[in-house]
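Take a look at the structure set out below.
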Amino acid sequence: MKFFITAGKSFTLLTWLVMFYNLFIPFEGQVSIILNILLLITVMMHFFQLLIFHTMFSSLLKLKLIDYIKVYFFGVFGLLVYRQKVLDLPPAEK
């Protein structure tokens, strides 16, 4: 599971980099338009995941700004890390 999360985070980071690179140095043709649309969808989707993260985990874990940033940029792979942290808590703390 740890390999899956790390690989997913790496792929997500690469995807963010390509989409932001396209904002400053656009690719040729339709690829640029598609990447801009995907960036907009990704920003909205990750914001929605951030709301889910706050709703589900703020009462269970002490969250800091860096936790929110990690979930925003890594999406579901960030959520999986915190899900595992909650599952590792003793039953009395859940």
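Among residues that are surrounded by 15 or more Cβ atoms within 10 Å (Cβ to Cβ), closer than 18 Å to Gln84 by Cα, more than 14 Å from the chain's Cα centre (by Cα) and hydrophobic (A, V, I, L, M, F, W, C), Phe53 is not included.
Could you grab me the full set of residues in the range 13-35 that are touching a residue at least 12 places away in the same chain (Cβ under 8 Å) and either closer than 23 Å to Gly78 by Cα or basic (Lys, Arg) (or both)?
From the range 13-35, those touching a residue at least 12 places away in the same chain (Cβ under 8 Å) are 13, 15-16, 18-20, 22-23, 35; that's our starting set.
Listed by number, the residues that qualify are Leu13, Thr15, Trp16, Val18, Met19, Phe20, Leu35.
If the condition is being part of a helix (DSSP H, G or I), in contact (Cβ under 8 Å) with a residue 24 or more places away in the chain and not hydrophobic (A, V, I, L, M, F, W, C), then the range 36-82 contributes Thr42, His46, Gln49, Tyr72, Gly78, Tyr82. The set of residues in the range 83-92 that are touching a Leu at 6+ places or on another chain (Cβ under 8 Å) and in a helix (DSSP H, G or I) comprises Lys85, Val86.
Throughout, read-outs are computed from the coordinates displayed, never taken from laboratory work. Quantities reported herein were computed from a predicted structural model and do not represent experimental measurements. Positions of Cβ are generated from backbone atoms using ideal geometry, with glycine treated the same way; all protein chains shown enter the neighbour counts.
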